[in-house]
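Notes to accompany the following structure.
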Amino acid sequence: MSTDYQAIINRIKDEVKPLLTQGKVATYIPALARINPYRFGMAVYTINGELFTCGDAQEYFSIQSISKVFTLARVMDRLGDALWDRVGREASGNPFNSLVQLEYENGKPRNPFINAGALVITDCFIQEEQNAMSKLRDFVRACAANPNIDFDEEVAASEKLTGHRNAALANFLKSYGNLINEVEEVLDVYFHQCSLSMSCADLSRAFLFLANAGTDPLTCAAVCGPRQAKRINALMQTCGLYDEGGEFAYRVGLPGKSGVGGGIVAVMPGELTVAVWSPALNQAGNSLAGMKALELFTTYTARSIF
Ligand code: GLU
C-alpha cells in the first residue's frame, strides 16, 4: 500500500502547532529578526515527481546555511579530492561560527558546513566560476526548476553590516593562506548565498538529486556524480545540523541540513526529500518545530536510513 504523505504532513502540522511558540527567531541578522515566528510549512517530493505540501510550504524564506550544500555540490564536482586539503570532514563539536578551533587546527576548518569551512568552499567556488554569484543562483534555480529564485538583498546587506564574526573567520583563513580570493569578495558571495530566498517546495525539489544518486530524477540531468551524492549525504548526516547532528540522527535518522532562517531539508535516498520551515529556533540554532516535524515524519512513515 502506498504511503499517504499528504495525510501524514497534515497531521504533523497540527501536532507541532503548540511548539511554534517555544523557540526564538535568529536575531543576530537584523533582517531575520522581523520574521513571524508562528509560520510553518512542509513539503515532500518523491523521486517519482509527486509533491505534497502543507501550511506555508510555498512561502519564500532565507535558506541561510542550507545554501552550503549547493556550493559544496558544485565544488566537489569540480575539485574532487583536492578539496580535502583545505577543509576536513569531521563534526566540529563547536558552535557553527567558532573561531577557537580554527586556530588550534592551523586554519583548516573541520568541515564544509561550519562557517569557516563554508567560507573556504565559497572561495573555491569563486575560483572555479566566473561571475560566481549569478552562476550560483542559476545552479540553484536549475536544481529547483524555479527561475524566480533570487537573493534577498536586504538580508544580504543586513548580514554584511553585522557579520563581524564571519569577517573575522575569513581574515583568519586568509592569514593561514586558506583563502585565495580577497576577504571582501568571499564574504560578499557568502552573504548572498545565505540570503537565497526559497520555499519548502523549492528546497524539496532542489535536493532531489541527493535522493537519486546525483541525478535529477525529473529531468535526468546529472547534477553531481553518485560518489559525490553519497558523500554529501554522509557530510549532512555527520555535520549538517550544527552541534546537534547526533540528536538529529537519533530522532530523525536521515541526512539533513538546517539554516538559521528556520529551514531544514532531509533526504531519504532512493525515495524522497522533505523540507520543513518554522523560523523559531532551539538553543542549537535549529528550527524547534522543524526538528519535531521531521522526527514525526520518520516515525509515521516508519522509514529512515537506519
Ligand atoms: N549567514 C549565516 C551566518 O553565517 C548562516 C548561518 C546558518 O544558517 O547557519 O552566520
Legend entry - Candidate set: segment 255-272, residues that are away from the ligand (no atom under 11 Å from the Cβ) and farther than 18 Å from PHE40 by Cβ; chosen: the one surrounded by the fewest Cβ atoms within 10 Å (Cβ to Cβ): GLY270
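Can you say whether LEU235 is crowded, with 19+ Cβ neighbours inside 10 Å and in a loop (DSSP other than H, G, I, E, B), as far as the supplied structure shows?
No, not satisfied.
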Legend entry - Residue list for segment 224-253, filter: in contact with a Leu (Cβ under 7 Å, 6 or more places away or on another chain) and either within 16 Å of the ligand (Cβ to nearest atom) or under 23 Å from GLY93 (Cβ atoms) (or both): ILE232, ASN233, PHE248, VAL252
Legend entry - Unmet criterion (only one of (1) more than 24 Å from GLY262 (Cα to Cα); (2) assigned to a helix (DSSP H, G or I)) for SER2: (2)
Inset, instruction - Using the structure shown, decide if ILE66 is β-branched (Val, Ile, Thr), out of contact with any His (no Cβ under 6 Å at 6 or more places or on another chain), within 14 Å of the ligand (Cβ to nearest atom) and closer than 27 Å to ALA234 by Cα. - result: yes
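Count, please, the residues in segment 281-291 that happen to be assigned to a strand (DSSP E or B) and in contact with a helix residue (DSSP H, G or I) (Cβ under 7 Å, 6 or more places away or on another chain). If you could, list the steps in order and put the result at the bottom.
Just the residues of segment 281-291 that are assigned to a strand (DSSP E or B), to begin with: 281, 287.
Keeping just the survivors that are in contact with a helix residue (DSSP H, G or I) (Cβ under 7 Å, 6 or more places away or on another chain) gives 281.
Selection size over segment 281-291: 1.
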Inset, instruction - Would you point out the residue of segment 157-210, among those that are within 14 Å of the ligand (Cβ to nearest atom) and assigned to a loop (DSSP other than H, G, I, E, B), that is surrounded by the most Cβ atoms within 10 Å (Cβ to Cβ)? - result: LEU196
Legend entry - Single condition GLY285 does not satisfy, out of (1) touching a Phe, Trp or Tyr at 6+ places or on another chain (Cβ under 6 Å); (2) more than 16 Å from the ligand (Cβ to nearest atom): (2)
Legend entry - Among (1) within 13 Å of the ligand (Cβ to nearest atom); (2) in contact (Cβ under 8 Å) with a residue 60 or more places away in the chain; (3) of a type outside the set (Val, Ile, Thr), the one test that GLY290 misses: (2)
Inset, instruction - Search segment 205-228 for residues that are within 12 Å of VAL69 (Cα to Cα) and pair each with any residue that is among the basic types (Lys, Arg) when their beta-carbon atoms are under 6 Å apart and the residues are at least 6 apart or on different chains. - result: none
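With respect to ASP216, determine if the residue is surrounded by 24 or more Cβ atoms within 10 Å (Cβ to Cβ), of a type outside the set (Gly, Ala, Ser) and more than 16 Å from the ligand (Cβ to nearest atom).
On the way: surrounded by 24 or more Cβ atoms within 10 Å (Cβ to Cβ): no; of a type outside the set (Gly, Ala, Ser): yes; more than 16 Å from the ligand (Cβ to nearest atom): yes.
It is false that ASP216 is surrounded by 24 or more Cβ atoms within 10 Å (Cβ to Cβ), of a type outside the set (Gly, Ala, Ser) and more than 16 Å from the ligand (Cβ to nearest atom).
Answer yes if at least one residue in segment 78-96 is touching a Phe, Trp or Tyr at 6+ places or on another chain (Cβ under 9 Å), under 25 Å from LYS292 (Cβ atoms) and more than 16 Å from the ligand (Cβ to nearest atom), and no otherwise.
The answer is no; no qualifying residue exists.
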Inset, instruction - Among the residues of segment 53-80, write down those that are surrounded by fewer than 22 Cβ atoms within 10 Å (Cβ to Cβ), in contact with a Ser or Thr (Cβ under 9 Å, 6 or more places away or on another chain) and more than 12 Å from GLY262 (Cβ to Cβ). - result: THR53, GLN58, TYR60
Inset, instruction - Taking VAL16 as meeting all but one of (1) within 16 Å of the ligand (Cβ to nearest atom); (2) buried (at least 16 other Cβ atoms within 10 Å of the Cβ); (3) not charged (D, E, K, R), write down the number of the exception. - result: (1)
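Taken together, the values in this text are just the output of simple stated rules run on the coordinates, not laboratory data. Keep in mind it's a predicted model, so treat the numbers as computed, not measured. So basically every Cβ, Gly included, is an ideal-geometry build from the backbone, and we count neighbours across all protein chains shown.
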